[in-house]
1. Which GluC sites (Glu not before Pro) does region 77-124 hold that lie in a coil by DSSP with at most 14 other beta carbons within 10 Å?
2. Taking each pair of different alpha-carbon atoms in region 8-81 once, compute 1/r for the pair, average those values, and report the inverse of that mean as the Kirkwood hydrodynamic radius in Å to one decimal.
3. So between Asp106 and Met94, what do we pick up on full extension, going 0.36 nm a residue minus the alpha carbon distance?
4. For Cα pairs less than 8 Å apart in space and 6+ apart in sequence, what is the mean separation divided by the residue count of the chain, i.e. the relative contact order in percent?
5. Where in region 79-110 does the amide nitrogen come within less than 18 Å of the point 7 Å from the Cα of Ile40, taken along Cα to Cβ?
6. Assuming R0 = 30 Å, can you tell me the calculated FRET efficiency for the pair Ala137 and Gln117, based on Cβ-Cβ distance, to the nearest 0.05?
7. Could you tell me the calculated FRET efficiency between Glu83 and Asp11, based on Cβ-Cβ distance and R0 = 22 angstrom, to the nearest 0.05?
8. Could you work out how far apart the two model spin labels at Arg23 and Arg51 are, taking each label as a point 7 Å from the Cα in the direction of the beta carbon, and quote it in nm?
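Any read-out appearing in this document is the output of simple, stated calculations on the displayed coordinates, not a laboratory observation. Bear in mind the structure is a predicted one, so any value in this text is a computation, not a measurement. Backbone-built Cβ (ideal geometry, glycine too); neighbour counts: all protein chains shown.
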Amino acid sequence: MDDEAAPGRADQVRLYLDTLQARMDPDQFRVLGQLLTGTIASLASPTGDGRIDIDDDDQVHLTRNVKQELLAILSIVVTGTMEQHIVDLGNGSMTVMDSEAAADPDAVQQMRDWAAQERREREHTDAVLHGIAEASAD
């Protein structure tokens, strides 16, 4: 039996968080901690609304990097590995892809196309609902 077993998910997350804390702005790290705690609590609660409130004063620390790191941490929690990559989908959207998919330009483009289509559909639905609300107000 191997005495040096691979670290478990919790150990990997702790290791990742330790390295982040050493290199990340303290306020950003604190906000990341709030996001992580809120996300885990929301996932664990069957009645959770999935909403995580960040104080107005802390919004400045909720950077793209903080959001990317949250995705990275959650991917470790879900998969138990550190092999995922954060991929920019455009318009502020990001996703997590495994190493093989992230290295495949066609797979990345397919994901970007899917995200763009989802955005267009959401925008259309929002426009229709806005029109209905305006018509109802008249």
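1. Numbers: sites: Glu83, Glu100, Glu118, Glu121, Glu123; in loops: Glu83.
When the GluC sites (Glu not before Pro) of region 77-124 are filtered for loop state and at most 14 Cβ neighbours within 10 Å, Glu83 remain.
2. Details: mean 1/r = 0.0779 Å⁻¹.
Mean inverse Cα-Cα distance, inverted, gives 12.8 Å.
3. Numbers: separation 12, 0.36 × 12 = 4.32 nm, distance 1.65 nm.
Residue separation times 0.36 nm, minus the Cα-Cα distance, leaves 2.7 nm.
4. Working: 95 pairs, mean separation 25.1, N = 138.
With pairs under 8 Å counted, the relative contact order is 18 percent.
5. What the label zone holds, given the 18 Å backbone N cut-off, is 79-82.
6. Working: r = 31 Å, r/R0 = 1.02.
Result of the calculation: an efficiency of 0.45.
7. Working: r = 16 Å, r/R0 = 0.71.
For R0 = 22 Å, the calculated efficiency reads 0.90.
8. 3.6
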